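Here is the structure we will look at, set down as structure tokens.
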Amino acid sequence: MWLKKRRLSTLIELKNIQAAAKKLKGVVEKTPLLKNLNLSERYEADILLKREDLQVVRSYKIRGAYNKIASLEKSEIANGVVCASAGNHAQGVAYACRLLNIKGVIFMPTPTPKQKVKQVKNFGKEHIEIILIGDTFDQAAKEAAAYSKKNNASIIHPFDDLKVMEGQGTVGLEILEDCQKTIDYLIVPIGGGGLASGVGTYFKQISPFTTIIGVEPQGAPSMKASLDANEVVTLPSIDKFVDGAAVQRVGDKTFEICKQKIDRVITVPEGEVCTNILQLYNEDAIVVEPAGALAITALNKLKEEIKGKRVVCIVSGGNNDIIRTAEIKERSMLYEGLKHYFLINFPQRAGALREFLAEVLSPTDDIAHFEYSKKNSRERAPAIIGIELSKPSDFVSLIERMENKNIKYEHLNNKPELFHYLI
């Protein structure tokens, strides 16, 4: 076991990340490392953002994809390449295929946002073919592996490949080139673990005193679950909302490397991620995708620990589909306690609904959703009502007024089995 750990700890070498940086010169943008004044004031720390959302394909994924494909022998690309991706890796592979004049087949989960599918087509042009299949990345990955075996095409894994990790490691190289002062904390988003493995390896050799914290969405904590179990585990189900970081199983290689290079992994709620997406847009005009907001969302959980420290957050991507804005707002409001859904049985008499509106709702409450749970016999059916509040503390007084009026209700927010069925 010791020999295995020793061998794995040296899989990514510093010189290989440096070589990848040279290979990527002229292909990727050297994205800026910028101080964010709003976040710095909010958390009483020096908060710097590594803006990979400004990358040529709006995420860091082009680094690993290009480094891997450009490293293949001619015989290995004779039948093209194939990959599976929820979007960002697909864009990186597509763009690399176009630059290197290579055929690529890209398998993407069916729920992938249309904006990402369109971008993949734009970056790859006639060099790539897109196949939408399965509900998750893991299902798409199985199809990509089967295609690779059948057609003898080289598979470009999104994270569990050394060349991919070395390419992602150039993010860390750039951070340390641009920040000559001590970096106390580096916060990096984790999906499959490729970015964390590459950047973590580089930092532990060049800036060993930096504390490296990985961040996963609460609904897809595959790396944390694996580290807690001390072995790679496959999650039975995941929340796919943070699509750029939602995998059921991390890589075998990335697990071993993250175990040694990442100091700890924390999780953040998807609703809080949404709140940060909206804040970044409204306060700083920064457009990020859910995975791109993970590192910044972690600041709230670490706020006491990072006071007075210099913290770098990697903003991993900005491929957000505007169509998702309504869902992002909804999730944010639910998390912040500003929106509540109820199943309400109104008294069977005339004027009951009008009385509810006039005497139960306050002037600052707003009905954002209303429907009867049955199409027929509406006068006898309970109604599903969504109420938006101006501040979370208004919830207590709302409940008091409902009970004083003897309103029979069921609060749905904390009952997922009913909430997802009815709303």
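The values are calculated or read from the model by the stated rules, or taken from the named source; none is laboratory data. The model shown is predicted, which means the values in this text are computed figures rather than measured ones. Positions of Cβ are generated from backbone atoms using ideal geometry, with glycine treated the same way; all protein chains shown enter the neighbour counts.
So here's what we get for this one:
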read-out	value
Within the range 97-120, tally of residues that are surrounded by 16 or more Cβ atoms within 10 Å (Cβ to Cβ), outside any loop (DSSP other than H, G, I, E, B) and without any contact (Cβ under 8 Å) to a residue 60 or more places away in the chain	10
Positions within the range 21-68 being over 25 Å from K309 (Cβ atoms), touching a residue at least 12 places away in the same chain (Cβ under 8 Å) and part of a strand (DSSP E or B), in sequence order	V28, S59
The one condition in (1) closer than 18 Å to S332 by Cα; (2) more than 13 Å from the chain's Cα centre (by Cα) that K259 fails to fulfil	(1)
Residues located in the range 154-177, provided they are assigned to a helix (DSSP H, G or I), in contact with a helix residue (DSSP H, G or I) (Cβ under 6 Å, 6 or more places away or on another chain) and not acidic (D, E)	K163, V164, M165, G167, Q168, T170, V171, G172, L173, L176
Selection status of A78, under 28 Å from G134 (Cβ atoms), surrounded by 24 or more Cβ atoms within 10 Å (Cβ to Cβ) and either assigned by TED's automatic domain parsing to the domain that holds Y185 or hydrophobic (A, V, I, L, M, F, W, C) (or both)	no
Index of the failed condition, V312 passing every other in (1) part of a loop (DSSP other than H, G, I, E, B); (2) under 21 Å from P189 (Cβ atoms); (3) not aromatic (F, W, Y)	(1)
Identity of the residue in the range 121-139, in contact with a strand residue (DSSP E or B) (Cβ under 9 Å, 6 or more places away or on another chain), at pLDDT below 90 and buried (at least 17 other Cβ atoms within 10 Å of the Cβ), that ends up farthest from N88 (Cα to Cα)	D138
Residues (closer than 25 Å to Q18 by Cα, in contact (Cβ under 8 Å) with a residue 12 or more places away in the chain and either surrounded by fewer than 20 Cβ atoms within 10 Å (Cβ to Cβ) or aliphatic (A, V, I, L, M) (or both)) located in the range 205-232	Q205, I206, S207, F209, T211, I212, I213
Single condition K303 does not satisfy, out of (1) farther than 28 Å from K50 by Cα; (2) in contact (Cβ under 8 Å) with a residue 12 or more places away in the chain; (3) of a type outside the set (D, E); (4) surrounded by fewer than 15 Cβ atoms within 10 Å (Cβ to Cβ)	(1)
Qualifying residue in the range 150-166 (condition: more than 18 Å from G317 (Cα to Cα), free of Cβ contacts under 8 Å to residues at least 12 places away in the same chain and surrounded by fewer than 17 Cβ atoms within 10 Å (Cβ to Cβ))	yes
Number of positions in the range 281-296 that are surrounded by fewer than 24 Cβ atoms within 10 Å (Cβ to Cβ) and either more than 15 Å from the chain's Cα centre (by Cα) or assigned to a helix (DSSP H, G or I) (or both)	6
Residue count for the range 315-324, restricted to those that are more than 13 Å from L49 (Cβ to Cβ) and not in a helix (DSSP H, G or I)	3
